[in-house]
Amino acid sequence: MHKVAVITGGGGGIGRASAFLFANEGARVVVVDNKCVNGRDVVHTIVVNGGDAIFVEADVSKAEDVKRIFEVTKEKYGVLHILYNNVEICRRGVDGPVTEITVEAWNQILGVNLMGVFLCCKYGIPEIVRSGGGSVINVSSSAGVIGVPNCDAYTASKGAIIALTRSMAVEYAPRGVRVNCIVPCAVETPMLDESSRKDPSFDEKEFLSTTPLRRFGRPEEIANMALFLASDEASYAVGGVFVMDGGVTIT
């Protein structure tokens, strides 16, 4: 691949799997995370295996942190070809119906999930354009396309990401930047534990029995889709919403 990729939330779950996969394919990877130990561990693993990666600690809901991501990337590599907006938070028990969620919780969840995408695109897309074009990959969720109770802030943020993806795709495709979106669901990550398994009302056996593939997804499966969208093989994919959910949203 030999491209430079910024991956937010690269310290764990899908982001971790993606960082390893991108590096294995020859990309120079900027791992962004707010957890230093996780992010540095990913970078260490990549480097000791012959890859090229750096870690940037950042809170993507803060403009100054996001600016620094791309300043460091430019200083280290000089170019940027891929922006993978993977980081997200889901706060089950704090999120909820709009009549019950606090303003603070609403702002926090949308701050990371939606503001984070906005800020990374605001400061990252100009660098991609300057580098001759490339790919932006946003991450939504099945909650962005179907109704999910008790998580209105998360749902709102994920639906907005799909709409923003399409709008940015129209805006920036003529300038050589392809913007697409992945819609995962029920992937074996720490967030699955936080959003579902820790919920007393979640019946894992019943959920899987109604999922067409009858299993949870693997982080590597989502990473493979991200790699495709980042690659030149996806050169005609613009504004796409690529559902990777084992069939959850069609049942």
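The values are calculated or read from the model by the stated rules, or taken from the named source; none is laboratory data. Only a predicted model underlies this, so the values are computations on that prediction, with no experimental measurement involved. In this analysis, Cβ positions are derived from the backbone assuming ideal geometry, glycine residues included, and neighbour counts consider all displayed protein chains.
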Condition check for A105: in a helix (DSSP H, G or I), of a type in the set (A, V, I, L, M), touching a helix residue (DSSP H, G or I) at 6+ places or on another chain (Cβ under 6 Å) and closer than 24 Å to N34 by Cα: no
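Please tell me if S157 is surrounded by 16 or more Cβ atoms within 10 Å (Cβ to Cβ), in contact with a strand residue (DSSP E or B) (Cβ under 7 Å, 6 or more places away or on another chain) and at pLDDT 95 or above.
Numbers: surrounded by 16 or more Cβ atoms within 10 Å (Cβ to Cβ): yes; in contact with a strand residue (DSSP E or B) (Cβ under 7 Å, 6 or more places away or on another chain): no; at pLDDT 95 or above: yes.
No; evaluated as a whole, the condition is false for this residue.
Would you mention how many residues in segment 85-94 are buried (at least 23 other Cβ atoms within 10 Å of the Cβ) and either over 12 Å from G116 (Cα atoms) or over 19 Å from the mean Cα position of the chain (by Cα) (or both)?
Going through segment 85-94, the residues buried (at least 23 other Cβ atoms within 10 Å of the Cβ) turn out to be 85-88.
Those still in the list that are either over 12 Å from G116 (Cα atoms) or over 19 Å from the mean Cα position of the chain (by Cα) (or both) too: none.
Counting residues in segment 85-94 that are buried (at least 23 other Cβ atoms within 10 Å of the Cβ) and either over 12 Å from G116 (Cα atoms) or over 19 Å from the mean Cα position of the chain (by Cα) (or both) gives 0.
Residue by residue, here is whether (1) out of contact with any helix residue (DSSP H, G or I) (no Cβ under 9 Å at 6 or more places or on another chain); (2) surrounded by fewer than 24 Cβ atoms within 10 Å (Cβ to Cβ) holds:
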{"position": "P126", "(1), (2)": "no, yes"}
{"position": "V136", "(1), (2)": "no, no"}
{"position": "G147", "(1), (2)": "no, yes"}
{"position": "A153", "(1), (2)": "no, no"}
{"position": "R166", "(1), (2)": "yes, yes"}
{"position": "V170", "(1), (2)": "yes, yes"}
Contacts under 6 angstrom Cβ, first residue in segment 220-231 being touching a residue at least 24 places away in the same chain (Cβ under 8 Å), partner surrounded by fewer than 20 Cβ atoms within 10 Å (Cβ to Cβ) and aromatic (F, W, Y), 6 or more apart: M225/F242
Extreme residue, surrounded by the fewest Cβ atoms within 10 Å (Cβ to Cβ), among residues of segment 205-220 that are touching a helix residue (DSSP H, G or I) at 6+ places or on another chain (Cβ under 6 Å) and within 25 Å of F22 (Cα to Cα): E220
Single residue of segment 221-239 satisfying the filter (of a type in the set (G, A, S) and crowded, with 23+ Cβ neighbours inside 10 Å) that is farthest from G13 (Cα to Cα): A230
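Scan G111, G132 and give me the residue that is under 20 Å from G9 (Cβ atoms), of a type in the set (G, A, S) and touching a residue at least 40 places away in the same chain (Cβ under 8 Å). Spell out the reasoning first.
Working: G132 fails: under 20 Å from G9 (Cβ atoms).
The match here is G111.
Looking for something within 28 Å of S231 (Cβ to Cβ) and modelled with pLDDT of 95 or more - is there at least one such residue anywhere in segment 90-112? Step through it out loud before you land on a result.
Taking segment 90-112 as the starting set, the residues that turn out to be within 28 Å of S231 (Cβ to Cβ) are 112.
Of the ones still in play, those that are also modelled with pLDDT of 95 or more are 112.
Checked against the condition, which is being within 28 Å of S231 (Cβ to Cβ) and modelled with pLDDT of 95 or more, segment 90-112 yields at least one hit.
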